[in-house]
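Notes for the one structure printed next.
Here, each number is a calculation from the coordinates, and none is a lab measurement. Values in this document were obtained by computation on a predicted structure and should not be read as measured data. Because the Cβ atoms are built from the backbone with ideal geometry, glycine has one as well, and the counts that use them run over all protein chains shown.
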Amino acid sequence: MSKVRIGIVGSRFQADCIAASVKAMPEDAEVVAVASPTPGNAEAFATRHGIPAYYSDYREMLRDRGVEMISVSAPNRLHARITIDAANAGKHVVCEKPLCVTLEEADAMIDACARAGVLLLYAEELFFAPKYVKAKQMADEGAFGRIHLVKQSEKHSGPHSDWFWDVEQSGGGALMDLGCHGIAFCWWFLGKPNVKSVYAQLSTQVHAGRTVGDDEAITVIEFANGAVGVVENSWNRPGGMDDAIEVFGSKGQTYADMLMGNALPTYSEVGFDYAVEKASSTRGWTYPVFEEHWNYGFPQEMRHFARCVRGKETPISDGETGRVVQQVLYAAYAAAGLGRKISMPFAPKGISKPIDLWKKPELAQATL
Ligand SMILES: NC(=O)c1ccc[n+]([C@@H]2O[C@H](COP(=O)([O-])OP(=O)(O)OC[C@H]3O[C@@H](n4cnc5c(N)ncnc54)[C@H](O)[C@@H]3O)[C@@H](O)[C@H]2O)c1
């Protein structure tokens, strides 16, 4: 199989992760180009990762005939525009989470890729995280009997870039940023059942000076098969990223702590270079991770997507997956705004960003 040639849009946090992850599994794909608007950034990124071509405008990269697949690693508000432009240029698309900001954008992205005959792949790495994949394999074998509760939590001390805190660019706070993982996870783990209802409790506990977005979120998802998903998110957890699951069934349960559970419990009085994403200090007790990208599933995800492009595998996470998540995000923000659970399907039109359904509950009320 010839390698799938990837062009990355973006040159910072997630772009670095994608480039390193592709390099970790070099037999199926290679990064051949990068595009980023800040002067010097694309070139520096290309030098850092040994990438032959770099552009300041992603539309120039879309004209590069050597690029087959685009990784959209830019802020949320740009996902739809970049995806549609890439599809129109005949490129397959891997879109970072969340898929986009509005449901109309989700539909337009799915439609553009279908019309162009290219794949729209939704980058949910938790579907590939080795510990979580093992939990799902055991669940599918029946190890836990009938599963009635799946919990996923992702918490850290707050995002690294300003745009996440600006809800005009991000679409929402911790729920939008981190909850999209947990929503996708619960749905996937349970075998992709229909969502029956959604409830959420949202608040801004610590960062009201920096954002109008939620920095604490608890979302309860009721599935049509009777199982329940609970998704907990926070931007108020100092000490580095925490990502964990709990699964409960009639015959058993399992727990997985992706990062600290795989880490080296460490004490150092002087500190060291790096422990884990978003840890502000490495002094005292810390939980340094090893093979961080691998534990998340990023290299495995990119290998799967490359193999999908070559027709060797069928996507387990695509535009429709991202759209399911987007609908639950809408419902969760609306539920928090109205203070009651929202029955699905819930797909109000004309909402400019999910968080508006929390801040202006009348928008949600008008569509019920
Ligand atoms: N899967 C995950 O776990 C994960 C982790 C982090 C981020 N993400 C997602 O990846 C995306 C990027 O997040 P990030 O953390 O890398 O943000 P970041 O702020 O670190 O980087 C954003 C990049 O987008 C570039 N950019 C901005 N405007 C652009 C434009 N008009 N055209 C092209 N590029 C542009 C910036 O120059 C920068 O290089 C977000 O959607 C985020 O939610 C996913």
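Can you give me the Kirkwood hydrodynamic radius for the range 271-368, using every pair of distinct Cα atoms, in Å to one decimal?
Result for the range 271-368 stands at 17.2 Å.
Assign one of three labels to the chain, namely rounded, prolate or oblate, based on the Cα gyration tensor with a ≥ b ≥ c the square roots of its eigenvalues; rounded applies when a/c is under 1.5, prolate when it is not and a/b is larger than b/c, and oblate otherwise.
Values: a/c = 1.33, a/b = 1.16, b/c = 1.15.
Judged from the Cα gyration tensor, the chain comes out rounded (a/c under 1.5).
Could you tell me which trypsin sites (Lys or Arg not before Pro) in the range 54-142 are loop residues by DSSP with no more than 14 other beta carbons within 10 angstrom of their beta carbon?
ARG63, ARG65
Give me the dipole magnitude in Debye, nearest 20, for the range 38-144 about the Cα centre, with unit charges on the beta carbon: positive for Lys and Arg, negative for Asp and Glu.
It works out to roughly 220 debye.
Using the Cα centre of the chain as the reference point, and only Cβ charges (+1 on K/R, -1 on D/E), how large is the resulting charge dipole? Debye, rounded to the nearest 20.
It works out to roughly 640 debye.
Counting only residues 5 or more places away or on other chains, whose amide H sits under 5 Å from the amide H of VAL212 once H atoms are built in the peptide plane?
Amide H neighbours of VAL212, under 5 Å, 5+ apart: VAL167.
Once you list every other residue whose beta carbon is under 15 Å from the beta carbon of PHE290, what net charge do they have if Lys and Arg are +1 and Asp and Glu are -1?
-4
For the range 172-217, which semi-axes, largest first and in whole Å, follow from the square roots of 5 times the eigenvalues of its Cα gyration tensor?
They are 26, 10, 7 Å, listed from largest to smallest.
Pull up the DSSP beta bridges for the chain and report the antiparallel fraction as a percent, rounded to 5.
Taking every DSSP beta bridge within the chain, about 55 percent pair in antiparallel fashion.
To the nearest 0.05, how large is the calculated FRET efficiency for ALA347 and ARG48 if R₀ is 35 Å and r is the Cβ-Cβ distance?
Calculated value: 0.25.
Of HIS207, MET302, LEU190, which is farthest on the positive side of the dipole of the range 183-309, counting Cα position, with +1 on Lys and Arg Cβ, -1 on Asp and Glu Cβ, and the Cα centre as origin?
It is LEU190, whose Cα lies furthest towards the positive end.
Near the amide H of VAL34, under 5 Å away, which other amide H atoms are found, from residues 5 or more places off or on another chain, if H is placed in the peptide plane?
For VAL34, the qualifying residues are ILE8, ALA53, TYR54, TYR55.
Ordered by residue, what ³J(HN,Hα) values in Hz, to whole numbers, does the range 126-131 give under the Karplus form 6.51 cos²θ - 1.76 cosθ + 1.60, where θ = phi - 60° and Gly and Pro are x?
5, 5, 10, 5, x, 5
Quick one: if the Förster radius is 25 Å, what FRET efficiency do ASP257 and SER161 give, using the C-beta to C-beta distance and rounding to 0.05?
0.40
Mind telling me which of GLY239, GLY182, GLY284 comes out most flexible in a GNM of the chain, alpha-carbon contacts under 10 Å?
GLY284
Translational diffusion coefficient, Stokes-Einstein: compute it for the range 50-95 using the Kirkwood radius over C-alpha pairs as Rh, at 10 °C and 1.306 mPa s, and state it as an integer in µm² s⁻¹.
Diffusion coefficient, whole number: 146 µm²/s.
With springs connecting C-alpha atoms under 10 Å apart, model the chain as a Gaussian network and identify which of GLY213, GLY40, GLY339 has the largest mean-square fluctuation.
Sorting by GNM fluctuation, first place goes to GLY40.
Work out the charge dipole of the range 84-138 with +1 on the Cβ of Lys and Arg and -1 on the Cβ of Asp and Glu about the Cα centre, then indicate which of ILE110, TYR122, GLN137 is farthest towards its positive end.
Projecting each Cα onto the dipole axis, the largest value belongs to GLN137.
Would you kindly derive the ³J(HN,Hα) couplings of the range 43-54 from the backbone phi angles with the Karplus curve 6.51 cos²θ - 1.76 cosθ + 1.60 (θ = phi - 60°), listing them in order in whole Hz, with x for Gly and Pro?
Each residue of the range 43-54 in turn: 5, 4, 5, 4, 5, 4, 9, x, 9, x, 10, 9 Hz.
Let me make sure I get this right: for the range 192-320, a, b and c are the square roots of the gyration tensor eigenvalues over alpha carbons, sorted descending. Under 1.5 in a/c it's rounded, otherwise prolate if a/b > b/c, else oblate. Which is it?
In terms of gyration-tensor shape, oblate.
Say R0 is 35 Å: what FRET efficiency, to the nearest 0.05, do ARG115 and LEU149 get from their beta-carbon distance?
Computed FRET efficiency for ARG115 and LEU149: 0.30.
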